[in-house]
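Below: one structure, written as structure tokens.
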Amino acid sequence: MTTAAEPILQVQNLVKHFPLTQGILFQKQIGAVKAVDGVNFELTQGETLGLVGESGCGKSTVAKLLMNLERATAGQVRYKGEDISKVSGKALRSVRRNIQMVFQDPYTSLNPRMTVADIIGEPYAIHPEAAPKGSAKHRVQELLELVGLNPEHINRYPHQFSGGQRQRIGIARGLALNPEIIICDEPVSALDVSVQAQVINLMEKLQGEFGLSYVFIAHDLSIVRHISDRVAVMYLGKIVEIGTETEIYDHPTHPYTQALLSAVPVPDPAARQHRERIILTGDVPSPANPPSGCRFRTRCWKAQEICAQEEPLLQIRTGLQGHAVHASACHFAEEKDIVHSH
Amino acid sequence: MTTNQQTKPEKTDAVPGAPLLEVDDLHVEFRTRDGVAKAINGVSYSVSAGETLAVLGESGSGKSVTAQTIMGILDMPPGVITGGEIRFHGRDMLKMDKDERRKIRGKKIAMIFQDALSALNPVYSVGFQLAEMYRVHEGMSRKDAKARAIELMDLVKIPAAKERVNDYPHQFSGGMRQRIMIAMAMALDPELIIADEPTTALDVTVQAQVMDLLAELQRERHMGLILITHDLGVVADVADKIAVMYAGRIVEHAPVDKLYSSPAHPYTEGLLASIPRLDLKGQDLYAIKGLPPNLMRIPSGCAFNPRCPYAQDICRADVPPLIEVAPARHSACHFAQQVLDKNGGS
């Protein structure tokens, strides 16, 4: 998927630090949780960018920053060339017509006191220009049909639906304003396996129909591979490797990506003997006090002195060939096939 | 069904030659104001010492209720056991009195829960909670019990156990908390461990660590392990045999490699086809149509028939029994042979 067009969304050096304070009356800042610490990527129209990483790596904070639900500490989010990370009020509202979000938990992200008509129709109340007067109900019914729900259920409440159906309602709400970009934060992780596939297929169908661009955040690497065109791997607030789906999954060069891929349990007992497993020791360090140099060095089996002193930049490394040529933030980037059994 | 019995000699009046645990035609229902939900409708399985049985199913399939019934921690009411037996060393636990069950629970059969943060008490240190096992069950002194707690934390590879024994659950990471849960289950050297989604709340890298630890301890101590999960990937790595549950019934029961290479039930077949693969960029994902059934209104005949591509009239009329379709392989489907042949399993 290579549309040479101008990227629809550009993220440049995005930073979000949450201050840690001490004292009640006279608060002083004693440090900061560096949730997102210099993230760059681009998204083109009709493309899906997968964002993967362990919990606490900052992937959900990136989602919130893209939606402007959190103010960035530094950096820019450019939507069609315009920086949207600092806009507010009316200008922000018009930006949000084009960038919508689908949340993880379909149980808490839908207001239990609102009917489906109110939930999916609420965007039209906020943006009256999006639907001519009186047509909102009709639009809601169209949307319900589009996501595979019965349009007659318009007056039901969220509790009358199953998890998968609720996530469809969440998707319908995201689609209501015909956005160009949808940020999906773990959209299927709360769903049962057999229902997950239905929702993923629906999202792919909608993408084809409306030319949507997705930022797809998930911790399930198999699902990310399935849906993404390009994938970014995050660790402690930074992207450590980014490339096309084939580059990341079949030709990973960063040790963290390799460890992450090798840890995924493969539903095939025959393949397990042939697969190399890299089991990382320890937990992710605290983002309030990340290690110097390369942030992964404390868990990395390749770590040398240089890793503690110099932070490896996210760039194309020399000495690699073919699909291994993609940006990787490791001093010792080296291709290694993990997911295919030998 | 294999019943190769290798347990160490038991002091209880065990029936010789019986498997460690046998669940036999268990029925459980929940009587609520809105109606009766039939959560378990005739489940049978067995586990021997040193063996890992994975129970696979979606939410509402009855996999956790079965585990709770075995442990004797089912909420009654609204839960009611309407039939069946659960035999531990050949003796029916459902007929035992409260005291007798208590002696088994924790000591002989231990359980690991999914969400360690809510399973641990937030106002006591982890050391206190681990030591409690010894104080309550074995009447040890506080000091001895604490020493044993530190040993346990070492056993599950918690770094700097001595310093961390007085820390509270919130001071540990998710993976470490799950290790504490494993330590607690291990405390009294049980013969059987029931792990209910032990790694679902964890990240993949930590999940691999925890599963490895669990498998290692099980091997060393020759315990029986019932692993309850919805994740087909986790199961493939550790289980010996798998029971797939749907709407309170076991629909397929097979050795792990056979189940993956040649499923004999349409539901298993659909599940396997609906998960994306890490090593392949798939085309369209196969999706099982429809939704899991409402347990208050389980479809007549085979509960899977409204979602099944093989369904015929007979599926709506008769409940298919769980029968042997190939050596050591059982499937509850009227067209099991057809499914198996299609997947090249016979």
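What the table below lists for this structure:
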{"item": "Test result for B:Ile158, of a type in the set (A, V, I, L, M, F, W, C), within 14 Å of another protein chain (Cβ to nearest Cβ), surrounded by 18 or more Cβ atoms within 10 Å (Cβ to Cβ) and more than 23 Å from the chain's Cα centre (by Cα)", "result": "yes"}
{"item": "Sole exception among (1) open to solvent by 20 Å² or more (accessible area, probe 1.4 Å); (2) within 14 Å of another protein chain (Cβ to nearest Cβ); (3) in contact (Cβ under 8 Å) with a residue 40 or more places away in the chain; (4) in a loop (DSSP other than H, G, I, E, B) for B:Asn166, by number", "result": "(2)"}
{"item": "Count of region B:190-224 residues which are more than 12 Å from chain A (Cβ to nearest Cβ) and open to solvent by less than 10 Å² (accessible area, probe 1.4 Å)", "result": "10"}
{"item": "Lone unmet requirement of (1) touching a residue at least 40 places away in the same chain (Cβ under 8 Å); (2) closer than 26 Å to A:Val15 by Cβ; (3) within 14 Å of another protein chain (Cβ to nearest Cβ) for A:His274", "result": "(2)"}
{"item": "Region A:277-299, subset touching a residue at least 60 places away in the same chain (Cβ under 8 Å) and more than 11 Å from chain B (Cβ to nearest Cβ), residue most open to solvent (accessible area, probe 1.4 Å)", "result": "A:Asn289"}
{"item": "Candidate set from region A:221-238 (those that are in a loop (DSSP other than H, G, I, E, B) and open to solvent by less than 10 Å² (accessible area, probe 1.4 Å)); member that is farthest from A:Thr44 (Cα to Cα)", "result": "A:Leu236"}
{"item": "Breaking point among (1) within 12 Å of chain B (Cβ to nearest Cβ); (2) open to solvent by less than 10 Å² (accessible area, probe 1.4 Å), for A:Thr244", "result": "(2)"}
{"item": "Every residue from region B:269-300 that is within 11 Å of another protein chain (Cβ to nearest Cβ) and either under 19 Å from B:Gly344 (Cα atoms) or in a helix (DSSP H, G or I) (or both)", "result": "B:Gly270, B:Leu271, B:Leu272, B:Ala273, B:Ser274"}
{"item": "Qualifying residue in region A:63-80 (condition: in contact with a Pro (Cβ under 6 Å, 6 or more places away or on another chain), touching a residue at least 12 places away in the same chain (Cβ under 8 Å) and assigned to a loop (DSSP other than H, G, I, E, B))", "result": "no"}
{"item": "Residue within region B:295-317 that is within 26 Å of the chain's Cα centre (by Cα), of a type in the set (S, T, N, Q) and closer than 18 Å to A:Ser162 by Cα present", "result": "no"}
{"item": "Subset of region A:300-320 [free of Cβ contacts under 8 Å to residues at least 12 places away in the same chain, farther than 14 Å from A:Tyr235 by Cβ and of a type outside the set (Val, Ile, Thr)]", "result": "A:Glu305, A:Gly319"}
{"item": "Failed condition for B:Ala303, given (1) crowded, with 20+ Cβ neighbours inside 10 Å; (2) in a helix (DSSP H, G or I); (3) within 14 Å of another protein chain (Cβ to nearest Cβ)", "result": "(2)"}
{"item": "Qualifying residue in region B:250-263 (condition: small (Gly, Ala, Ser), touching a helix residue (DSSP H, G or I) at 6+ places or on another chain (Cβ under 7 Å) and not in a loop (DSSP other than H, G, I, E, B))", "result": "no"}
{"item": "Within region A:208-247, tally of residues that are in contact (Cβ under 8 Å) with a residue 24 or more places away in the chain and over 16 Å from the mean Cα position of the chain (by Cα)", "result": "4"}
{"item": "A:His251 being assigned by TED's automatic domain parsing to the domain that holds A:Ile223, in contact with a His (Cβ under 9 Å, 6 or more places away or on another chain) and over 28 Å from A:Val215 (Cβ atoms)", "result": "no"}
{"item": "Enumeration of residues in region A:7-35 that are of a type in the set (S, T, N, Q) and either under 24 Å from A:Ile239 (Cα atoms) or in a loop (DSSP other than H, G, I, E, B) (or both)", "result": "A:Gln10, A:Gln12, A:Asn13, A:Gln27"}
{"item": "Checklist (1) part of a strand (DSSP E or B); (2) at pLDDT 90 or above applied to A:Ile120, failing item", "result": "(1)"}
{"item": "Residues of region A:1-56 that turn out to be under 17 Å from the mean Cα position of the chain (by Cα), under 30 Å from A:Lys205 (Cα atoms) and of a type in the set (A, V, I, L, M, F, W, C), as a count", "result": "9"}
{"item": "Residue in region B:63-81 that is β-branched (Val, Ile, Thr), part of a strand (DSSP E or B) and open to solvent by 10 Å² or more (accessible area, probe 1.4 Å) present", "result": "yes"}
{"item": "Filter pass, B:Met76 being of a type in the set (A, V, I, L, M, F, W, C) and in contact (Cβ under 8 Å) with a residue 60 or more places away in the chain", "result": "no"}
{"item": "Yes/no for B:Asp237 being in a loop (DSSP other than H, G, I, E, B), acidic (Asp, Glu) and open to solvent by 10 Å² or more (accessible area, probe 1.4 Å)", "result": "no"}
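Per-residue answers, yes or no, for (1) at pLDDT below 90; (2) more than 26 Å from A:Asp283 (Cα to Cα); (3) away from chain B (no Cβ under 14 Å):
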{"residue": "A:Gln45", "(1), (2), (3)": "no, yes, yes"}
{"residue": "A:Val52", "(1), (2), (3)": "no, no, no"}
{"residue": "A:Ser60", "(1), (2), (3)": "yes, no, no"}
{"residue": "A:Leu65", "(1), (2), (3)": "no, no, yes"}
{"residue": "A:Asn68", "(1), (2), (3)": "yes, yes, yes"}
{"residue": "A:Thr73", "(1), (2), (3)": "no, yes, yes"}
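The values are calculated or read from the model by the stated rules, or taken from the named source; none is laboratory data. Predicted model, so just to flag it, every value in this text is computed and none were measured. All Cβ positions, glycine included, derive from the backbone under ideal geometry; neighbour counts span all protein chains shown. The accessibility values were calculated without ligands, DNA or RNA, using every heavy atom of the protein model including side chains. Shrake-Rupley method; radii C 1.70, N 1.55, O 1.52, S 1.80 Å.
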